[in-house]
Amino acid sequence: MACVERCRCCTESRRHSSILYNILRSEERAAWPAGQGPRRGQAAGGCPCGSRRRVALKSPQVACKAASAVLVKTLRFVQNVPCFQELPLDEQLLLVRSCWAPLLVLGLAQERVHFETVESAEPSMLQRILTTRRQGEQTPPRGPAPGRPHHGSGGPHLPSAGEIQAIKGFLAKCWSLDISTKEYAYLKGTVLFNPDLPGLQCTQYIEGLQREAQQALNEHVRLIHRGDEARFAKLNVVLSLLRSINANVIAELFFRPIIGAVNMDDMLLEMLCAKL
């Protein structure tokens, strides 16, 4: 039964005897790094079905505007935390750079931001090979034209359907728990004050702040939700789900469509130093 349900585009049981296929395979093998190749049972071009499909926002202007507003609110929240302001600026920046994406997703859940995605067509293996050949035959540019920013040779890396499903699954979990404003604040504090980041100097102080955020959350839950003894554990499950959220995916999904290949570190530094 399992063999019948296998994705047709991933199976190796088909006979590939055409001349075109052999040419493409030889070109593809030459492009692989030494000792590497596609995983067994997976085409080198990637499986175009299921969770590996590349997707994009259905209404980027609406969703990106909402995400940008949530990011501003998130950084405003961070700036208004007195204990955070007592940290040196480099410590503040290190914390924000490491947790802006989880904080943003928590903000999306709190603001109940909904978004839809559509499948994005990717070039076939033959199109990629022909495009690569044409680029190789062209004279490489000497540099970006005056007055135009250079964003690098890499194009946008669209998120996969599986990555988007992880984000939507997290949002659905938060909404099912009907998390209150105070609970969101304590969850954000727990995420913000992460003492395990390499390079931190005030580790013990930050660890104490994270512990205080968890204790405050526990006390709030015991006071407001006396009949739900498992709620504190459920909220900690929410925190564990945040680990599956990739910051690059968030940046590509919500910010590249409107501001291009932006350096999030630079943007966060600028926003952190501004009065939001």
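The values are calculated or read from the model by the stated rules, or taken from the named source; none is laboratory data. Please read all numbers here as calculations on a predicted model, not as lab measurements. Cβ coordinates were reconstructed from backbone atoms using ideal geometry, including for glycine residues, and neighbour counts include every protein chain displayed. We work out accessible area using only protein heavy atoms, side chains counted, and drop any ligands, DNA or RNA first. Shrake-Rupley method; radii C 1.70, N 1.55, O 1.52, S 1.80 Å.
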Review point. So which residues in the range 169-185 are open to solvent by 60 Å² or more (accessible area, probe 1.4 Å) and assigned to a helix (DSSP H, G or I), if there are any at all?
Key: Lys173, Ser176, Thr181, Lys182
Review point. When only residues in the range 219-236 that are touching a Leu at 6+ places or on another chain (Cβ under 9 Å) and touching a residue at least 40 places away in the same chain (Cβ under 8 Å) count, which is surrounded by the most Cβ atoms within 10 Å (Cβ to Cβ)?
Key: Leu235
Review point. Do we find that Leu200 is within 24 Å of Asn80 (Cβ to Cβ), in a loop (DSSP other than H, G, I, E, B) and more than 23 Å from the chain's Cα centre (by Cα) in this structure?
Key: yes
Review point. Out of the range 62-84, which residues are of a type in the set (Val, Ile, Thr), in a helix (DSSP H, G or I) and touching a helix residue (DSSP H, G or I) at 6+ places or on another chain (Cβ under 9 Å)?
Key: Val70, Val72, Thr74, Val78
Check your understanding: Of these, Leu158, Leu93, Leu197, which one is modelled with pLDDT under 95, open to solvent by 40 Å² or more (accessible area, probe 1.4 Å), of a type outside the set (Asp, Glu) and under 21 Å from Val249 (Cα atoms)?
Key -> Leu158
Exercise for review: Please work out which residue is modelled with the lowest pLDDT, limiting yourself to the range 106-129 and to residues that are charged (D, E, K, R) and not in a helix (DSSP H, G or I).
Suggested key: Glu122
Practice item. Kindly indicate whether Pro60 is modelled with pLDDT under 95, open to solvent by 60 Å² or more (accessible area, probe 1.4 Å) and over 30 Å from Pro198 (Cα atoms). Key: no
Check your understanding: Does the range 237-256 hold any residues that are outside any helix (DSSP H, G or I) and either open to solvent by 60 Å² or more (accessible area, probe 1.4 Å) or among the basic types (Lys, Arg) (or both), and which are they?
Key -> Asn246
Exercise for review: Taking only the range 200-214 into account, find how many residues are open to solvent by less than 100 Å² (accessible area, probe 1.4 Å) and either free of Cβ contacts under 8 Å to residues at least 40 places away in the same chain or not hydrophobic (A, V, I, L, M, F, W, C) (or both).
Suggested key: 7
